[in-house]
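Just below is one structure, and these are the notes that go with it.
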Amino acid sequence: MKPETIETIHTNTLSGELRLKVLSLYHAANAGHIGCSLSCIDLMIATLVKRKREQDTFLLSKGHAAAALYACLNHLGDISDVELDTFYKNGTTLPAHPAPNKHQGIPFATGSLGHGLPIGTGIAQAGKLIGDDSRVFVLMSDGETNEGTTWEAAHFALQHGLDNLIMLVDKNGLQGFGNTADVMGDTASANLWQTIGFETIEVDGHDVEQIGDAIDRLTAVPNGKPKAIIAHTIKGKGVSYMENKLEWHYLPMTPAQYEEAIGDVKSMYTI
């Protein structure tokens with residue numbers, strides 16, 4: 001076991017605090033898509049919060065996890081507390097799936113799956129053409145690797161040597177109607193992405209330091225290969241009754257479930 005450091009404790013606290021913020025948003029809105037937000041929040045902390053520079057782009061391709069994105073952008077100061085309280089309400093700039101042209105950290109509308117990687121490859125190619133050192137992070141679901149547009153974008157990235165493109169796959173093993181492996185097979189396999197030419201690393205998707213180290217290793221030296229981080233995650237991570245349960249792709253929480261969820265997160269994280 002790795003020894004705890006100040007940074008580890010701080011990261012654990014942030015993971016817990018942002019989970020509580022996500023739960024609060026969904027509870028107030030009486031809305032679903034909770035499990036998928038909790039599975040990818042640590043990936044967002046490692047990239048959007050800790051690794052993204054001003055010249056970089058972060059795209060949440062799995063737009064149904066919007067509340068996790070909003071919580072992170074609120075932490076970074078891009079979304080105010082007042083704006084955050086409008087989540088899911090009439091007239092909000094923070095709908096169930098991210099909307100464009102409202103916040104600096106949300107450059108494109110996402111949620112119709114399979115579009116994040118194509119958009120990301122275009123931005124990465126633009127960066128290459130103008131000769132800057134920008135990077136593009138695209139956070140996807142494992143179910144999203146079923147999409148044909150994902151594979152077309154992947155081959156474009158390979159053909160054009162987009163080593164400034166970092167794809168992160170939230171591999172929680174569940175998608176809308178079942179186990180991801182049972183729907184179209186394991187299209188999020190690390191071996192598969194490595195075989196076609198992506199420089200690929202598998203990580204624990206809830207270990208922020210491990211994710212960050214993988215990003216640093218992959219981007220240390222340009223080598224003409226786009227990057228894939230296959231992150232093994234747990235849907236509903238941090239809430240015992242949600243973990244690895246398909247129904248929490250959809251269900252809202254009752255007041256009693258919300259209180260139980262808060263208790264679970266507070267007992268697991270240093271808050």
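The values are calculated or read from the model by the stated rules, or taken from the named source; none is laboratory data. If you're wondering where the values come from, they're calculated on a predicted model, not measured in any experiment. When we count neighbours, we look across all protein chains shown, and the Cβ atoms used for this are built from the backbone with ideal geometry, even at glycine. Heavy atoms of the whole protein, side chains included, go into the accessibility calculation; ligands, DNA and RNA do not. Shrake-Rupley method; radii C 1.70, N 1.55, O 1.52, S 1.80 Å.
Which whole-angstrom value gives the distance between the alpha carbon centres of region 75-124 and region 233-271? Between the Cα centre of region 75-124 and that of region 233-271, the gap is 24 Å.
How would Thr187, Thr86 rank on accessible area, largest to smallest, probe 1.4 Å? Each step should come with its number before you reach the end.
On the way: Thr187 25, Thr86 50 Å².
So the residues, ranked largest to smallest area, are Thr86, Thr187.
What net charge do the residues around His249 carry, taking every other residue with its C-beta under 14 Å from that of His249, with Lys and Arg at +1 and Asp and Glu at -1?
Details: positive: Lys62, Lys235, Lys237, Lys245; negative: Asp142, Glu144, Asp170, Glu243, Glu247.
Here the count lands on -1.
With a 1.4 Å probe rolled over the protein heavy atoms of all chains, the accessible area of Asp133, Asp204, Asp163, Asp182 falls in the order Asp182, Asp133, Asp204, Asp163, largest first. Largest accessible area first, the residues Ser267, Ser80 order themselves as Ser267, Ser80 under a 1.4 Å probe with ligands, DNA and RNA left out.
What trypsin sites (Lys or Arg not before Pro) does region 1-92 have in DSSP loop regions with at most 11 other beta carbons within 10 Å? Before the final figure, lay out each step's value.
Values: sites: Arg19, Lys21, Lys50, Arg51, Lys52, Arg53, Lys62, Lys89; in loops: Lys50, Arg51, Lys52, Arg53, Lys62, Lys89.
Of the trypsin sites (Lys or Arg not before Pro), the ones in loops of region 1-92 whose Cβ has at most 11 other Cβ atoms within 10 Å are Arg53, Lys89.
Averaged per residue, the chain has 43 square angstrom of accessible surface, using a 1.4 angstrom probe with ligands and nucleic acids left out.
Amide H contacts for Thr200 (H built 1.01 Å from N in the peptide plane; partners 5 or more residues away or on another chain; cut-off under 5 Å): Ala228. A simple count of charges around His160, restricted to other residues whose Cβ falls under 12 Å of its Cβ and scoring Lys, Arg +1 and Asp, Glu -1, yields +1.
Give, as a single signed number, the net charge of other residues whose beta carbon lies under 11 Å from the beta carbon of Asp170, with Lys and Arg counted +1 and Asp and Glu -1. Here the count lands on +1. As a fraction of the 1.4 Å probe accessible area of the chain, surface on carbon and sulfur atoms comes out at 53 percent. By DSSP, the beta bridges lying fully in the chain are antiparallel in about 10 percent of cases.
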